[in-house]
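What follows draws every value from the coordinates through simple rules; no lab data is involved. Here the structure is a predicted model, which is why all the values come from computation and not from measurement. Cβ atoms come from the backbone with ideal geometry, glycine included; neighbour counts cover every protein chain shown.
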Amino acid sequence: MIKEAANVSISYEATKVTGLSALAGIPGGLAMVGTVPADMAQYVGHMLRIAQKLAYLHSWPDLFDDDEVLDEATESILTLFVGVMLGVQIAQGGVTKTASLIAAQVAKQLPQKALTKGLIYPIVKRVSAMLGVQMTKKIFASGLAKAIPVAGAVLSGGLTLSTFLPMARKLRKHLAGLELASPVAVDSEAGNVTEQLDDEGH
């Protein structure tokens, strides 16, 4: 059921990001000076949206508080998620370590210290630097696809779809294989909470 829900979310976001990218490719020519940055912004936005959805489905804690504030820890974990989507191997290790820390806690929350100052933080910094190179390549490819009016819409939309889908599926597969997503880990966590409450006499 989780896999099906994840695939539905991926298809939904892929359809939206592809449609918007195709629209951005229609003008072509000099207009791409303005459309390429806008297209990249919406592309990254949809990457972050699907990352949040997939994380939620695979038992990660809420990444935003009630005020939708992006704190440093949340920014770090989203950076690692995008790294996984782009195939940065060190990012996979960072996500795996973070998931293990969360699974070891009774309270479901991001390990703030590890993500901002601790053992995972150096990984986040390295992934951030690598993402800069990856996104520059994506912008260049997107710009070429939009150079030809109208036909650029087909090329741009096709390029977006052919990259977004595999990346989202890569993140889904990685998150599904983590300890945090295991039904055993969820049951164990529920048991730990029950035991703690019993010890406290509540």
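Each label was represented as a point 7 Å from its Cα along the Cα-to-Cβ direction; for residue 117 and residue 41 these points are 3.5 nm apart. Peptide packing for 116-125, 2-11, 82-91 was compared via the average number of neighbouring C-beta atoms within 10 Å per residue; ordered from the highest value, the list is 82-91, 116-125, 2-11.
From the cross-link list 125/170; 16/53; 117/173; 97/173; 16/113, which pairs have alpha carbons spaced over 26 Å apart?
On the way: 125/170 21 Å; 16/53 15 Å; 117/173 28 Å; 97/173 16 Å; 16/113 35 Å.
In this structure, 117/173; 16/113 exceed 26 Å between Cα atoms.
Length available on full extension from residue 165 to residue 62: 0.36 nm per residue minus the Cα-Cα distance, which gives 34.7 nm. Our coupling estimate for the stretch 77-92, obtained by passing each phi through the Karplus curve with A = 6.51, B = -1.76, C = 1.60 and θ = phi - 60°, is 5, 5, 4, 5, 4, 5, x, 4, 4, 8, x, 7, 4, 5, 5, 4 Hz, Gly and Pro reported as x.
R0 = 30 Å: FRET efficiency of residue 15 with residue 182, Cβ-based, nearest 0.05?
On the way: r = 31 Å, r/R0 = 1.02.
Efficiency at R0 = 30 Å is approximately 0.45.
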